[in-house]
Amino acid sequence: MSWAAAALVRATGAAAVTTTLAIETVRLASSRAGWILDDTGFPKKGTNSVGVARQYSGTLGKVGNCQIGVSLNYATDEGCFPLDFQLYLPKEWTNDPSRCQKAGIPRDVTFKRKWELGIQMIDQAREWDIPAGVIVADAGYGVATEFRTE
């Protein structure tokens, strides 16, 4: 479990329930399914929210002050279900130990590109034995040769 997910779990106490629900729901879903990897921007006004920075957001359609979350979703003919979510930390965050400490980010957290977070989530879903069909992602992931070859 990532540090961001662990923080959410501490706040909600929902880790085991959420993971079990996700796995069991997916097992009951259609055999014709795929995984969708995407990122979403969350506009912010200040600078204190974890991961907030001036960065490109497809949600905004431009560079703006926001947080970015990377998500892996399971899609079938019946609908779409989130499997995993990771908060993206820009280099200006991971290169600032003091800022990370204030935000409760563990010292061992290092910069990872969005596609690297995506690979981690895909690997986790495979460990959960969630059936995979095709995996789709937008061009921001596709331009990374390393992502395509994983």
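The values are calculated or read from the model by the stated rules, or taken from the named source; none is laboratory data. Since the structure is predicted, the reported quantities are computational estimates derived from the model, not experimental observations. Here Cβ is always computed from backbone atoms with ideal geometry, including for glycine, and neighbour counts include all displayed protein chains.
Within the range 73-91, can one find any residue that is assigned to a loop (DSSP other than H, G, I, E, B) and at pLDDT 90 or above?
yes
Output the residue which, of all residues in the range 129-150 that are touching a strand residue (DSSP E or B) at 6+ places or on another chain (Cβ under 8 Å) and in a loop (DSSP other than H, G, I, E, B), is surrounded by the most Cβ atoms within 10 Å (Cβ to Cβ).
Applying the first criterion (touching a strand residue (DSSP E or B) at 6+ places or on another chain (Cβ under 8 Å)) to the range 129-150 yields 130-138, 140-141, 147.
Those left that are additionally in a loop (DSSP other than H, G, I, E, B): 130-133, 138.
Details: Ile130: 22, Pro131: 14, Ala132: 13, Gly133: 14, Asp138: 12.
Step by step, filter the range 129-150, then rank; the result is Ile130.
Within the range 37-64, which residues are buried (at least 18 other Cβ atoms within 10 Å of the Cβ), of a type outside the set (Ser, Thr, Tyr) and part of a strand (DSSP E or B)?
Going through the range 37-64, the residues buried (at least 18 other Cβ atoms within 10 Å of the Cβ) turn out to be 37, 39, 41, 51-53, 57.
With the extra rule that they be of a type outside the set (Ser, Thr, Tyr), the set shrinks to 37, 39, 41, 51-53.
Residues satisfying the conditions are Leu37, Asp39, Gly41, Ala53.
Taking the stated definitions as given, is Gly69 free of Cβ contacts under 8 Å to residues at least 40 places away in the same chain, surrounded by 17 or more Cβ atoms within 10 Å (Cβ to Cβ), under 14 Å from the mean Cα position of the chain (by Cα) and closer than 27 Å to Arg32 by Cα?
Yes; evaluated as a whole, the condition is true for this residue.
Going through Gln101, Gln124 one at a time, which residue ends up being in contact with a strand residue (DSSP E or B) (Cβ under 9 Å, 6 or more places away or on another chain) and in a helix (DSSP H, G or I)?
Gln124
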